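Heads up, the thing below is written out as structure tokens.
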Amino acid sequence: MNTTSRHRPPAYTHAKSVRHPRPVCGLDNGPLTRVTEDPHLVTCPDCQELADIDALPDDATAGDPHVIEVLREAMRGATRKIDGVVVDPTTAAAILTVYDAAKPATRAKLAALPLHRMAQVAWRVLRPHV
């Protein structure tokens, strides 16, 4: 009987995060884990879906005049990422509804906000009593 071998937990390979050096899922299971850029090698059950989202390129940044065009594409159903945040069609439609109804001076202020703040303002205008 060999008593020197031990049962080791399985080694997980996490997807590499673009924004920080840790795995995409945020977990670190110890010294046996690895981080990779190759999506075919990912064995972590939490990283597989998140790796696709993290791999999306940023389409625009806040304050960029291009951000409204990117939101219009997101509203039509295309997945877009702005400032590292994935934008869904419902949120894009809410932001654009408020943007299109605003005066030009207010449009410029709204377009200069970070995306999370744009979404907060849009939902507050569209659903004021919630």
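Quick rundown of the values:
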| quantity | calculated |
| --- | --- |
| Scan of the range 75-85 for residues that are of a type in the set (Val, Ile, Thr) and open to solvent by 60 Å² or more (accessible area, probe 1.4 Å), ordered by number | Thr79, Val85 |
| Any hit, the range 48-65, residues being under 17 Å from the mean Cα position of the chain (by Cα) and modelled with pLDDT of 80 or more | no |
| The listed residue being at pLDDT 80 or above, open to solvent by less than 70 Å² (accessible area, probe 1.4 Å) and more than 17 Å from the chain's Cα centre (by Cα), out of Ala122, Ala92 | Ala122 |
| Per-region count, the range 108-119, residues free of Cβ contacts under 8 Å to residues at least 12 places away in the same chain and open to solvent by less than 80 Å² (accessible area, probe 1.4 Å) | 1 |
| Of all residues making up the range 12-29, the number that are farther than 20 Å from Val86 by Cα and either crowded, with 18+ Cβ neighbours inside 10 Å or at pLDDT 75 or above (or both) | 5 |
| Long-range neighbours under 6 Å by Cβ, at least six apart or interchain, first residue at positive phi within the range 54-83, second modelled with pLDDT of 85 or more and open to solvent by 30 Å² or more (accessible area, probe 1.4 Å) | Gly63/Ala112; Gly77/Pro89 |
| Identity of the residue in the range 95-107, of a type in the set (A, V, I, L, M) and without any contact (Cβ under 8 Å) to a residue 12 or more places away in the chain, that ends up surrounded by the fewest Cβ atoms within 10 Å (Cβ to Cβ) | Ala105 |
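Matching residues to (1) out of contact with any strand residue (DSSP E or B) (no Cβ under 7 Å at 6 or more places or on another chain); (2) outside any helix (DSSP H, G or I); (3) more than 26 Å from Leu50 (Cβ to Cβ):
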site: Val70; (1), (2), (3): no, no, no
site: Ala74; (1), (2), (3): no, no, no
site: Thr90; (1), (2), (3): yes, no, no
site: Ala94; (1), (2), (3): yes, no, no
site: Thr97; (1), (2), (3): yes, no, yes
site: Ala105; (1), (2), (3): yes, no, yes
site: Ala111; (1), (2), (3): yes, no, yes
site: Ala119; (1), (2), (3): yes, no, no
site: Arg124; (1), (2), (3): yes, no, yes
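The values are calculated or read from the model by the stated rules, or taken from the named source; none is laboratory data. Everything quoted here is computed from the prediction, not taken from an experiment. FYI the Cβ positions are ideal-geometry reconstructions off the backbone, even for glycines, and counts take in every protein chain you see. Please note that ligands, DNA and RNA were not included when accessible areas were found on the heavy atoms of the full protein model with its side chains. Shrake-Rupley method; radii C 1.70, N 1.55, O 1.52, S 1.80 Å.
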